[in-house]
Amino acid sequence: MTEQQAASVKPRTMAELEAWHALHIEHAIEPGLPIVDAHHHMWDRPPEHYGLHELLAEFGGGHAVRASVFMECTAMFKQDGPEMLRPVGETEYVNGVAAMSASGIYGDTRICAGIVGYADLRLGAAIRELLEAHVRAGGDRFRGIRQQAQYDEILGSMARRTPPRSMLRDPSFRAGFAQLQPLGLSFDAYVYFTQLDELADLARAFPETTIILNHAGTPLGIGPYAGRRDAVYRSWSAGMRALADCPNVAVKIGGLGMPICGFGFEARDRPPSSEELATAWRPYVELCIAAFGPSRSMFESNFPVDKQSCGYTVLWNAFKRLTNGLPPEDRLSMFGGTASRVYRLGN
């Protein structure tokens, strides 16, 4: 199957995904290696639901997931009150799940120990009211903001809230961005590989604000980028190395299972093994680690989005295979230590 054909495959439902993943089961390798899943979602969008119990099922696959970080996905916004403040509903919902997890009834994993919410920073300095409301609603768990910025001149945007072109350079956005650091908040950046220079410019303009690049910089592999993997890789790797020169930027390694990356695993009759994932993703993972170093690199599941391409246990097996030749202290950083420090999760 070509990359163009794979991109047109209809996404499976959650029930269909469970049946598909059952066709290839792996046991967790190195089950004692502690993990902080630095990026997952939860939502209730009937008929699809992905919440506490679905996460517990993923985490129960044998890997030592000690904690996790929730990433905004425009779920559970309030339906009334001032428009700007409605995203607080998502933080309230997630903090409730985190409190349930912290009770210990569901096991030792600190689910949603860190919370990253949504704000439209284009509202400028006025956005501080929402940021402060997020901090109150999240208690001691709220850590930062993600406003999706992914936009490509050819593809446009596939974000739920479509960002404009060059949003990261917009003066109104930057006025809102300037409100983050005084409140001790970080910024999660979801951009395509074609925007890495824009993100680097933002990082240089705000050197005191921590920025976390999502999904390894999203090297695209669909539409006009299908069949051009070598050219995309060269452009992506140059952008990643330049971005890594900004010491306030860290990278999340993951998200490569998204269909937009063009690997096509989601279109197969049987799901891939961890060895297959490791082979396909090795050049990207190794470049991220080489450019940013273990102290600024962390692994993410991006579930349930990456569930379209692989199972949770298989995913972490692939990451472990990709790093099994590195020093133990480096692996401890990338699998948990970096995320714990950047998101201030404690021990």
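The values are calculated or read from the model by the stated rules, or taken from the named source; none is laboratory data. The shown structure was predicted, so the numbers you read here are calculated from the model rather than taken from an experiment. With ideal geometry, Cβ positions are generated from the backbone for all residues, glycine too; neighbour counts draw on all protein chains shown. SASA here: full protein model, heavy atoms, side chains in, ligands and nucleic acids out. Shrake-Rupley method; radii C 1.70, N 1.55, O 1.52, S 1.80 Å.
If I take R0 = 25 Å and measure r between the Cβ atoms of Arg344 and Leu56 in this structure, what FRET efficiency does the formula 1/(1 + (r/R0)^6) give, to the nearest 0.05? FRET efficiency, Arg344 to Leu56: 0.55. Each residue of the range 167-176 is assigned a 3J(HN,Hα), and the resulting list reads 4, 5, 9, 5, x, 5, 4, 5, 5, x Hz, derived from the Karplus form 6.51 cos²θ - 1.76 cosθ + 1.60 (θ = phi - 60°), x at Gly and Pro.
Packing, as the average of other Cβ atoms within 10 Å across residues, places the peptides 300-308, 43-51, 272-280 in the order 300-308, 272-280, 43-51, highest first.
Between Arg234 and Ile25, the contour length at 0.36 nm per residue exceeds the alpha carbon distance by 71.8 nm. Between the beta carbons of Leu183 and Glu92, assuming R0 = 22 Å, the FRET efficiency works out to 0.75 to the nearest 0.05. Using the 1.4 Å probe convention, the accessible area of the chain works out to 40 Å² per residue with neighbouring protein chains retained.
Taking amide H atoms as placed 1.01 Å from N in the peptide plane, the amide H of Asp188 lies under 5 Å from those of Ile145, Arg146, Gln147, Ile212, each 5 or more residues away in sequence or on another chain. Couplings 3J(HN,Hα) for the range 125-136, derived from phi with the Karplus relation 6.51 cos²θ - 1.76 cosθ + 1.60 (θ = phi - 60°), are 4, 4, 5, 4, 4, 5, 4, 5, 5, 4, 4, 5 Hz, where x marks Gly and Pro. Distance between the modelled labels on Arg169 and Ala99, one decimal in nanometres: 4.5 nm (7 Å Cα→Cβ projection). Scalar couplings 3J(HN,Hα) for the range 216-223, obtained by applying the Karplus form with A = 6.51, B = -1.76, C = 1.60 to θ = phi - 60°, are 6, x, 6, x, 6, x, 10, x Hz; x denotes Gly and Pro. Can you compute the label reach from Ile154? Point 7 Å from Cα along the Cβ direction, backbone N cut-off under 17 Å, restricted to the range 206-224. Once the point is set 7 Å along Cα→Cβ of Ile154, 218-224 turn out to lie under 17 Å by backbone N, inside the range 206-224. The overall shape of the chain is rounded: from the C-alpha gyration tensor, with semi-axes ordered a ≥ b ≥ c, the ratio a/c is less than 1.5. Surface composition of the chain: carbon and sulfur atoms hold 52% of the protein heavy-atom accessible area at a 1.4 Å probe. Within a straight-line Cα-Cα reach of under 19 Å, Lys252 can be paired with the following lysines, leaving aside sequence neighbours fewer than 8 residues apart in one chain: Lys307, Lys320.
Packing-based ranking of 285-294, 230-239, 337-346, 143-152 yields 143-152, 337-346, 285-294, 230-239, ordered from highest to lowest mean Cβ neighbour count within 10 Å.
Between Asp269 and Leu332, the FRET efficiency estimated from the beta carbon spacing at R0 = 45 angstrom works out to 0.75.
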